[in-house]
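*Asks:* This is the structure I have questions about; it appears just below.
No lab work stands behind these numbers, since they all come straight from the coordinates. The model shown is predicted, which means the values in this text are computed figures rather than measured ones. Counting neighbours? That spans all protein chains shown, and the Cβs are built from the backbone with ideal geometry, glycine included.
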Amino acid sequence: MEVAQIAGEAREAFESGATRSYFWRKSQLRALKELLLEKEAEICEALRLDLAKNRFEAYRDEVGLMVKSVDCALWNLKKWMAARKVDLPLICIPCSGKVVPEPLGVVLIFSSWNFPIGLSLEPLIGAVSAGNAVVLKSSELAPASSSFLANNMPKYLDNKAVKIVEGGSDVGEQLLEHKWDKIFFTGSQRVGRTVMTAAAKHLTPVALELGGKCPAIVDSLSSSRDIKVTISRLASGKWGSSSGQACIGIDYVLVEEKFAPVLVDFLKAKIKKYYTGPENIARIVNKQHFQRLSNLLNNPSVAASVVHGGSLNHDILYIEPAILLDPPLESEIMTEEIFGPLLPIITLKKIEDSIRFIKERPKALAIYAFTHDEKLKKRIIEETSSGSITFNDTIIQFACDSLPFGGIGQSGFGKYHGKFSFDLFSHENQ
Ligand code: NAD
């Protein structure tokens, strides 16, 4: 079907008024949950084909998380939809005021390949909860997941109002020519600029969920319990989700010089135990990204800093987790988003220097800090700016419906998840 026809049908469905009712919204959310539960095995298989994600990772990061998000919307939908009475100033007597959330209309969602189910469905849940018609553009770089969604969404959901379009950048460009009531984009900063430029033509509001370099500050590794927890969470924040191909995955670590040897030794042991071998870690999505990561690693000044791993298997697109100690700060691995299993560790004289280091760079989607020093925590909160700050853990913020997820500055704008998604796809009428 032509893009114009798809956009037209979605518009017609919205204009019919069907998507506005509580009943419709609830029925779509229930259908989505049914799809996730009934097709769990097929989803996991698609994720295995696209990224060699193992079953545990596929369930935890995509199926399980999405069931949680649908449940959150189902439990709260009535409350979210309710009109809110507001207090008015004396001058308004005898008036009364209400804020009434209304759907925006037809929204376009662009999804990415690294969590191809979750990054399609999480915004979709928000968009249908808010009563919109939706056109979802899945990612061509995760073809099995994309075709799973294209084959199954119409069987479960109202296919007049919720549509999926498959294809690459050419299809994306065609979609951007149309007028939408909101564009929700997950992807690179480069394409984010294209989306924003196209949206400006129609004055369409956009939400951009982009990427960047997420630092992890590691303060003292004092007690053995501390070391154990820190190392486990650091390793899973780097290699545990999509092999580092995650927008909120750790990009690099900042640590005091004196702790670096201990940190490297413990991380090596962790990698050997849990993250080595293609059966234990997702593969690189395609040849182009494999080549990009090989180039980052094979730059001679960077290669000299590799202290562990980094072997490459071109045939199966597998890159062994690698640790690099103090690669040059001007090398690409330290200036570009890595988006893969390579972990630079940058040493500092004092851990407080991490704040300046972070502030000198573009605002990250996430900052992680492993510390029990309340003064340092306070300084990180007050002196840095990023999409989120997480202490003593990684990535977990993505699973919290009560927290607004999204970036700032070059890592994007527009917050979603839980009620924030509902608000993002609603207009607060008064
Ligand atoms: P991408 O920008 O290449 O593609 C994103 C989407 O845009 C895809 O659906 C693609 O088909 C489409 N597209 C590509 N070129 C286009 C064009 N010229 N016109 C219209 N559409 C076009 O990004 P990607 O490779 O899918 O994702 C990787 C990036 O996404 C990383 O930077 C990562 O950090 C970021 N990301 C961010 C989040 C987040 O939640 N903030 C989540 C995942 C990924």
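*Asks:* For Leu343, enumerate residues with amide H under 5 Å from its amide H, sequence gap 5+ or separate chain, H modeled in the peptide plane.
*Replies:* Counting only residues 5 or more places away or on other chains, the set is Ala322, Ile323, Leu324.
*Asks:* Quick one: Cα centre-to-centre distance for segment 150-186 and segment 243-301, in angstrom?
*Replies:* So the separation of the two Cα centres works out to 34 Å.
*Asks:* Which order do peptides 58-71, 115-128, 306-319 fall in by mean Cβ count within 10 Å, highest first?
*Replies:* 115-128, 58-71, 306-319
*Asks:* Packing-wise, with mean Cβ within 10 Å as the measure, how do 255-267, 330-342 rank, highest first?
*Replies:* 330-342, 255-267
*Asks:* Something else now. Work through the residues other than Phe290 whose Cβ is under 12 Å from its Cβ and net out their charges, Lys, Arg +1 and Asp, Glu -1.
*Replies:* Here the count lands on +2.
*Asks:* How large is ³J(HN,Hα) for each residue in segment 373-387, as worked out from phi by the Karplus curve 6.51 cos²θ - 1.76 cosθ + 1.60 (θ = phi - 60°), to whole Hz, x for Gly and Pro?
*Replies:* 7, 5, 5, 5, 4, 4, 5, 4, 5, 7, 9, 10, 9, 6, x
*Asks:* Name the GluC sites (Glu not before Pro) in segment 355-430 that are in a loop by DSSP and that have at most 13 other C-beta atoms within 10 Å, would you?
*Replies:* When the GluC sites (Glu not before Pro) of segment 355-430 are filtered for loop state and at most 13 Cβ neighbours within 10 Å, Glu360 remain.
*Asks:* How would you rank Thr276, Thr19, going from fewest to most other Cβ atoms within 10 Å of each one's own Cβ?
*Replies:* Ordered from fewest to most neighbouring Cβ atoms within 10 Å, Thr276, Thr19 come out as Thr276, Thr19.
*Asks:* Next up: With a cut-off of 8 Å between alpha carbons and a minimum separation of six or more residues, what is the relative contact order of the chain in percent?
*Replies:* 18
*Asks:* Return Phe14, Phe56, Phe185 ranked ascending by Cβ neighbour count within 10 Å, so the fewest neighbours appear first.
*Replies:* Final ranking by Cβ density, sparse to dense: Phe56, Phe14, Phe185.
*Asks:* When the helices in the chain are scored as -39500 (n - 2.57) per DSSP H run of 4 or longer and the sum is shared across all residues, what 222 nm value do you end up with, to the nearest 500 deg cm²/dmol?
*Replies:* That calculation yields -12500 deg cm²/dmol at 222 nm.
*Asks:* Using a cut-off of 15 Å between beta-carbons, work out the net charge of the residues near Gln430 (Lys and Arg +1, Asp and Glu -1, Gln430 not included).
*Replies:* Once all neighbours under 15 Å are counted, the net charge is -1.
*Asks:* As a test of understanding, state the convex hull volume per residue of the chain from its alpha carbons, in Å³.
*Replies:* Spelled out: Cα convex hull of the chain, divided by residues, is 158 Å³.
*Asks:* With θ set to phi - 60°, apply the Karplus curve 6.51 cos²θ - 1.76 cosθ + 1.60 along segment 351-363 and write out the HN-Hα couplings as whole Hz, x wherever there is a Gly or Pro.
*Replies:* Each residue's phi maps through the Karplus curve to give 5, 4, 5, 4, 5, 5, 3, 5, 5, 6, 10, x, 5 Hz.
*Asks:* Based on other C-beta atoms within 10 Å, arrange Tyr416, Tyr156, Tyr368 from fewest to most.
*Replies:* Tyr156, Tyr416, Tyr368
*Asks:* Step through the table entries Lys53/Lys419; Lys238/Lys287; Lys33/Lys419; Lys350/Lys378, compare each Cα-Cα distance with 23 Å, and write down the pairs that go over it.
*Replies:* The pairs that break the limit, which is 23 Å between Cα atoms, are Lys53/Lys419.
*Asks:* Out of residues 5 or more away from Tyr252 or on other chains, whose amide H comes under 5 Å of its own, with H placed 1.01 Å from N in the peptide plane?
*Replies:* Residues meeting the criterion, in which the H sits 1.01 Å from N, are Cys214, Ala216.
*Asks:* Looking at segment 298-397, which trypsin sites (Lys or Arg not before Pro) are DSSP coil and have at most 15 other C-beta atoms within 10 Å of their C-beta?
*Replies:* Answer by residue number: Lys349, Lys350.
*Asks:* Determine ³J(HN,Hα), in whole Hz, for all residues of segment 51-67 in sequence, where each value follows from phi through the Karplus function 6.51 cos²θ - 1.76 cosθ + 1.60 and θ = phi - 60°; x replaces Gly and Pro.
*Replies:* Here the 3J(HN,Hα) series is 9, 6, 5, 7, 4, 4, 5, 4, 5, 4, 7, 10, 4, x, 4, 6, 4 Hz.
*Asks:* Next question. Using modelled amide H (1.01 Å from N, peptide plane; none on Pro or chain starts), what sits under 5 Å from the amide H of Lys163, excluding residues fewer than 5 places away?
*Replies:* Val134, Val135, Leu136
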